[in-house]
1. Residues that are closer than 30 Å to residue 49 by Cα, open to solvent by 50 Å² or more (accessible area, probe 1.4 Å) and in a helix (DSSP H, G or I): does the stretch 288-296 have at least one?
2. Taking the residues in the stretch 104-125 that are open to solvent by 10 Å² or more (accessible area, probe 1.4 Å) and modelled with pLDDT of 95 or more as candidates, determine which candidate is farthest from ligand 2 (Cβ to nearest atom).
3. Among the listed residues 244, 250, which satisfies the condition of being more than 28 Å from residue 44 (Cα to Cα) and modelled with pLDDT under 95?
4. Can you find a residue in the stretch 91-99 that is in contact with a strand residue (DSSP E or B) (Cβ under 9 Å, 6 or more places away or on another chain), in a helix (DSSP H, G or I) and open to solvent by 10 Å² or more (accessible area, probe 1.4 Å)?
5. One residue is enough: does the stretch 226-245 have a residue meeting the conditions surrounded by fewer than 20 Cβ atoms within 10 Å (Cβ to Cβ), more than 24 Å from residue 183 (Cβ to Cβ) and without any contact (Cβ under 8 Å) to a residue 24 or more places away in the chain?
6. Report yes if residue 101 is of a type in the set (A, V, I, L, M, F, W, C) and either away from ligand 1 (no atom under 14 Å from the Cβ) or under 17 Å from residue 85 (Cα atoms) (or both), otherwise no.
7. Could you count how many residues in the stretch 132-164 are within 11 Å of ligand 1 (Cβ to nearest atom), open to solvent by less than 20 Å² (accessible area, probe 1.4 Å) and assigned to a helix (DSSP H, G or I)?
Amino acid sequence: MSCAIHPAVEEALDAGRPVVALESTIISHGMPYPQNVTTAAEVEQVVRDNGATPATIAIMDGKFRVGLTSEEIERLGTAANVLKASRRDVGLALAGRRIAATTVATTMIGAYAAGIRLFATGGTGGVHRGAESSMDVSADLPELGRTPVAVVSAGVKSILDIGRTLEYLETLGVPVITCGADSFPAFYSRESGFPTPARLDTPGELAAALAAHWTLPSAGGALIANPIPQAEEIEFSEMEHTIARAVQDAERQGITGKEVTPFLLGRIVELTGGESLTANIALVKNNAALAARIAAALSGV
Ligand code: PSU
Ligand code: MN
């Protein structure tokens, strides 16, 4: 698979300097305008401040694009016809020359093709509540099982079934390591009620574990969970009611397939009067900083 790499990203990769991939669905479908565009730029700056080069990934003009200009990020954040592209949409997006935002799954594919091993986002997809009847399981999970890129996220959002998501990741052989805490985090909240499958405390330890994991035959990805900073946290018990209501609204309105996650995220922002968005922005930046530090440790900087 060929991709068009931004010159600044290419230069860093050629020199063996740390690079962190960033996804674009969070820009097109994960946050409202204009916070989506300002956050995307701020997150790139956080990566730089922590010693790595950012590479926001999307599909445009028939190419996988690794590293975007600020005009391209603005386009992704404002255009009405942006496709949310997971693995199965990539061929359609490339051949149809669509403007497409990449999900966690697809960003992993683009990152790996470009030679990037660290990727920061807010939260990954997972097993949805009620999946035992709807079978709604994000394509992010099998991607984590097959593509050797480490995804730094604030754990799994409680719009999902956290327990089943952790079970599925175990089945797929995906290491799930929380940085600096014993509880697996729940996106807006530092604690989910589930213990983390593994814990490490420093970027150096995380980098060493990833490097060792990637010596396995047909090793896939890893999930590095990074709890939201305490000052920005919304308690799990406080979010639970809001999330249950958003899930109920999605069911009532017959929302299915790839629309479910964007609908829930938008509804939660409405129901919390924007408080969830503030937390979301804070945790993405926190993840970008950790990913940059792990990338630096991994490349021996
Ligand atoms: N979680 C967020 N914000 C997001 C997403 C997840 O907090 O924008 C996006 C990511 O791109 C993720 C996708 O890969 O939603 C998952 O969608 P689905 O559940 O349809 O697989
Ligand atoms: Mn789904």
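The values are calculated or read from the model by the stated rules, or taken from the named source; none is laboratory data. Not measured: the values here are computed from a predicted model. FYI the Cβ positions are ideal-geometry reconstructions off the backbone, even for glycines, and counts take in every protein chain you see. Note: areas computed on protein heavy atoms with side chains; ligands, DNA, RNA excluded. Shrake-Rupley method; radii C 1.70, N 1.55, O 1.52, S 1.80 Å.
1. Within the stretch 288-296, one or more residues are closer than 30 Å to residue 49 by Cα, open to solvent by 50 Å² or more (accessible area, probe 1.4 Å) and in a helix (DSSP H, G or I).
2. My answer is 115.
3. Answer to the check: 244.
4. yes
5. no
6. Judged against the criteria, residue 101 is a match.
7. Final tally of qualifying residues: 4.
Here's the yes/no breakdown for (1) farther than 17 Å from residue 107 by Cα; (2) in a helix (DSSP H, G or I); (3) modelled with pLDDT of 95 or more:
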| site | (1), (2), (3) |
| --- | --- |
| 8 | yes, yes, yes |
| 12 | yes, yes, yes |
| 16 | yes, no, yes |
| 27 | no, yes, yes |
| 45 | yes, yes, yes |
| 54 | no, no, yes |
| 64 | no, no, yes |
| 84 | no, no, yes |
